[in-house]
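This report refers to the structure that appears directly beneath it.
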Amino acid sequence: ETHYPTFAHLLHRLGSQQVRNRGTLGGNIANASPIGDTPPVLLALNAWVELANQDGSRALPLSDFFLDYKKTALAADEVVSRIFIPQLADDAVLKVWKLSKRREDDISAVLGAFHYRIDDGVMQDVRIAFGGMAAIPKRALQTEAALTGQPIAKESFQAAQRALSEEFHPMSDVRGTQHYRHQVAANLLERLYLSLSVPNQEVMLHAYAH
Ligand SMILES: Cc1cc2nc3c(=O)[nH]c(=O)nc-3n(C[C@H](O)[C@H](O)[C@H](O)COP(=O)(O)OP(=O)(O)OC[C@H]3O[C@@H](n4cnc5c(N)ncnc54)[C@H](O)[C@@H]3O)c2cc1C
């Protein structure tokens, strides 16, 4: 709540009370679901994991952990023993938006996590990750590149939306079609643009409904 309030807010939307009581962060990562809620956030935060077996441990950037659908860098005898989350810089911002059909007990159709700093009107340290857009939770590297060093302008975000539509090819399933996922992920970029260009106007459902 203190260091990553938007991440904390997401945790209130992960599963149900029962799942939140019993589920662990390590399990949410090791489960390697492409629609797990915490991995995109941890990717945007540049988190590392420690993988341990009886002989010792090794540290790995989380971005190297997810290999393919439900495949991870974990060896058969390893567990996720620790998760390192860098503290946000004073001027860094983390936005996390989960899209699901219900507020409670519903896994994401798409989840976007956005990390950035605004330096002299220009976006820096942009790290964006999505769940539900690929076989693994994944950084949007081309989208990040389209925004990095750019001013907060509609054109910057339109370029980012084009990059986003080129770098992801999400699947269609019960939670959303490929078209829907493309559309809502692009909408999240639009939402980010609006939240930056019209400060103090952010609309969050939880401000009105509990
Ligand atoms: C009704 C329901 C709703 C759910 N809603 C959501 C949701 O909204 N968002 C979401 O992200 N997930 C959701 N989940 C999925 C799941 O509950 C979460 O991913 C949870 O965080 C998993 O953690 P766990 O500790 O229960 O892992 P487990 O389910 O016990 O384990 C998952 C897998 O990871 C392995 N594993 C667990 N911990 C480790 C470790 N430390 N190192 C190595 N391997 C490990 C296990 O062997 C297993 O293969 C939901 C599940 C249910 C049943």
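The values are calculated or read from the model by the stated rules, or taken from the named source; none is laboratory data. In this text the structure is predicted, and so the values were computed from the model without any measurement. Cβ placement follows ideal geometry from the backbone for every residue including glycine, while neighbour counts extend to all protein chains displayed. Please note that ligands, DNA and RNA were not included when accessible areas were found on the heavy atoms of the full protein model with its side chains. Shrake-Rupley method; radii C 1.70, N 1.55, O 1.52, S 1.80 Å.
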*Subset of the stretch 134-143 (residues that are open to solvent by 10 Å² or more (accessible area, probe 1.4 Å) and not in a strand (DSSP E or B))*: A134, A135, I136, L141, Q142
*With E202, E155 as the choices, which residue is at pLDDT below 95, open to solvent by 70 Å² or more (accessible area, probe 1.4 Å) and not hydrophobic (A, V, I, L, M, F, W, C)?*
E202
*Which one is farthest from P137 (Cα to Cα) among residues in the stretch 23-35 that are more than 6 Å from the ligand (Cβ to nearest atom) and open to solvent by less than 50 Å² (accessible area, probe 1.4 Å)?*
I29
*In the stretch 82-114, which residue that is polar (S, T, N, Q) and closer than 15 Å to T38 by Cα is surrounded by the fewest Cβ atoms within 10 Å (Cβ to Cβ)?*
S100
*List the number of the failed condition for T38; all other conditions in (1) surrounded by 21 or more Cβ atoms within 10 Å (Cβ to Cβ); (2) touching a strand residue (DSSP E or B) at 6+ places or on another chain (Cβ under 8 Å); (3) free of Cβ contacts under 8 Å to residues at least 60 places away in the same chain hold.*
(2)
*Please go through the stretch 115-133 and pick out each residue that is over 17 Å from S195 (Cβ atoms) and open to solvent by less than 30 Å² (accessible area, probe 1.4 Å).*
A129, F130, G131, G132, M133
*Check whether at least one residue in the stretch 116-124 is among the polar types (S, T, N, Q) and either more than 11 Å from the ligand (Cβ to nearest atom) or part of a helix (DSSP H, G or I) (or both), and report yes or no.*
yes
_Subset of the stretch 62-111 (residues that are part of a loop (DSSP other than H, G, I, E, B), within 13 Å of the ligand (Cβ to nearest atom) and closer than 16 Å to L43 by Cβ)_ = F65, A73, S108
*With respect to the numbered conditions (1) free of Cβ contacts under 8 Å to residues at least 40 places away in the same chain; (2) within 9 Å of the ligand (Cβ to nearest atom); (3) not small (G, A, S), which one is the sole condition not fulfilled by Q54?*
(2)
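Go through the stretch 11-22 residue by residue and tally those that are near the ligand (Cβ under 9 Å from one of its atoms), in a loop (DSSP other than H, G, I, E, B) and loosely packed, with under 15 Cβ neighbours inside 10 Å.
Result for the stretch 11-22: 1.
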*Could you tell me which residue of the stretch 41-51 is nearest to G112 (Cα to Cα), considering only residues that are outside any loop (DSSP other than H, G, I, E, B) and open to solvent by 20 Å² or more (accessible area, probe 1.4 Å)?*
W48
